[in-house]
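Notes to accompany the following structure.
All of the numbers you see were taken from the coordinates with simple rules; none came from a lab. The structure presented is a predicted model; accordingly, all values stated were derived computationally and were not measured. Methodologically, a virtual Cβ is constructed for each residue, glycine included, from the backbone with ideal geometry; neighbour enumeration extends over all protein chains shown.
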Amino acid sequence: MRYLTFIFTMLASPVIAQDLTYSDYATDACLQSDRPFLDCVGLSALQCMQDTPGGFSTYGESGCLDAELQFWDRLLNVNYKQRMAVSKQNDAANEGFGPSQAQALKQMQRAWIPFRDAKCDFERSQWGGGTGGGPATLNCLMYATAEQAVLLGESWGD
């Protein structure tokens, strides 16, 4: 039975993904405002669910949440690269004085990834194998990635 559910999911998901009405606009506009960034997480996914026929189905929610997760993942990667460049410059300016910022940043990010995954696996486990586990996992990944993206983008006394 589990195998049939997997096949149905694999067949049904691409249809929904192609029909999604998704835009990063709601999240991006919120980030440009004075609102706390956590208020911005999920806005584009919610708009997608509202604008997509069947958007509040398990497949619709999953597709919309995944689309916004990709937004945050792109921001995380941009912020990480910028933070790494600054860290390397700081290391060069402070050579021999204190630990390497670039190495510490790399270690932090490498440690964060399995933590995020374990955190969201735990979230999924709360659903006992039910269909809500997929959207719950994506929602967890979206929030965790957003938090890390913003953390990496913050100014730390540059």
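Compare the peptides 105-113, 73-81 by average per-residue count of other Cβ atoms within 10 angstrom and give them in order, highest first. Spell out each step's value before the answer.
Values: 105-113: 13.1, 73-81: 15.9.
Peptide ranking by packing, descending: 73-81, 105-113.
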Those lysines that a straight Cα-Cα span of less than 19 Å connects to K106, excepting residues fewer than 8 apart in one chain: K81, K88
Rh by Kirkwood over Cα pairs, then Stokes-Einstein D for the range 27-66 at 1.002 mPa s and 20 °C, µm²/s: 205 µm²/s
Descending semi-axes in Å of the range 61-115, equivalent ellipsoid built from Cα gyration tensor: 31, 12, 4
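Normalise the Cα radius of gyration of the range 2-153 by 2.2 N^0.38 Å (N = residues in it) and let me know the number.
On the way: Rg = 18.3 Å, N = 152, 2.2 N^0.38 = 14.8 Å.
Cα Rg divided by the expected 2.2 N^0.38 Å: 1.23.
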Cα centroid separation, the range 103-150 to the range 65-81 (Å): 13 Å
